[in-house]
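The values are calculated or read from the model by the stated rules, or taken from the named source; none is laboratory data. Predicted, not measured: the structure shown is a model, and the values here were computed from it. Neighbour counts run over all protein chains shown; Cβ positions are idealised from the backbone, glycine included. Surface accessibility is based on the protein's heavy atoms, side chains included, excluding ligands, DNA and RNA. Shrake-Rupley method; radii C 1.70, N 1.55, O 1.52, S 1.80 Å.
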Amino acid sequence: MPICFLLFGLLLQAPAPAAPLQPAPGNPVVLVETSMGTITIELFKDQAPVSVANFLQYVREGFYPGTVWHRVVPGYVIQGGGFTDSLVEKGTRPPIQNEATNGLTNRRGTVAMARTRVLRSATSQFYINLANNPGLDHRGFSPDVFGYAVFGRVIDGMDVVDRIGAVKTGAKDGMEDVPLEPVIIKNVSEKR
């Protein structure tokens, strides 16, 4: 009988977090410290040079601390990097080129530039895919299918991303899918 309880106990244990992935040589790595834990992201500087340079400039300017994950859609994406915890949008630099044609796809754990329907409207906001989202990939040149530029991937802390992706959300200040309890980006820094 004790063996049955031991086996049952082992089945109930939460799975261990996945081992960190290794970045490709020369790719920048950033640490995104949130109120729910730290996410480590590898940036694809060769495949998305404009998006990576833009993101790193915001990081170096200290833009992200105090912003929140303002859009959380379970099983889809978490989006942040543009609003304070009181949902005031921060001022940004001009929009950048949309690099959705770079061949990278919106797979679970990848990081991409958020934008409006305007193809070249991405500034500071980014999202992390909670699932494979082929509908966000480049499939043509009209606005509906041009896609969103992937520029990195989570190499450690996907468990944190999943926890953020499971928070309770609602409508607030005219926005949908806003976490009811703010999930704050405390800091974003380059890993040396």
Item to check | Filtered residues of region 168-192 (kept if more than 18 Å from Leu87 (Cα to Cα) and open to solvent by 20 Å² or more (accessible area, probe 1.4 Å)) | outcome: Ser189, Glu190, Lys191, Arg192
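Which of the following residues is open to solvent by less than 20 Å² (accessible area, probe 1.4 Å), among the small types (Gly, Ala, Ser) and closer than 17 Å to Val30 by Cα: Gly165, Gly157?
So the residue among Gly165, Gly157 that is open to solvent by less than 20 Å² (accessible area, probe 1.4 Å), among the small types (Gly, Ala, Ser) and closer than 17 Å to Val30 by Cα is Gly157.
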Next on the checklist: Given the criteria crowded, with 17+ Cβ neighbours inside 10 Å, touching a Phe, Trp or Tyr at 6+ places or on another chain (Cβ under 8 Å), touching a residue at least 40 places away in the same chain (Cβ under 8 Å) and not small (Gly, Ala, Ser), does Glu33 qualify?
Outcome noted: no
Checklist entry - Quick check: is even one residue across region 184-192 touching a Gly at 6+ places or on another chain (Cβ under 9 Å) and assigned to a loop (DSSP other than H, G, I, E, B)? => result no
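How many of the residues in region 131-148 are of a type outside the set (S, T, N, Q) and closer than 24 Å to Arg163 by Cα?
5
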Item to check | Test set (1) aliphatic (A, V, I, L, M); (2) surrounded by fewer than 17 Cβ atoms within 10 Å (Cβ to Cβ); (3) in contact (Cβ under 8 Å) with a residue 24 or more places away in the chain - Val88 fails condition number | outcome: (3)
Checklist entry - Residue check, Gly66 against (1) within 15 Å of Glu99 (Cβ to Cβ); (2) of a type in the set (Gly, Ala, Ser); (3) open to solvent by less than 50 Å² (accessible area, probe 1.4 Å), all met but one. Which one? => result (1)
Checklist entry - Quick check, is Ala131 closer than 18 Å to Gln47 by Cβ and either touching a strand residue (DSSP E or B) at 6+ places or on another chain (Cβ under 9 Å) or of a type outside the set (D, E, K, R) (or both)? => result no
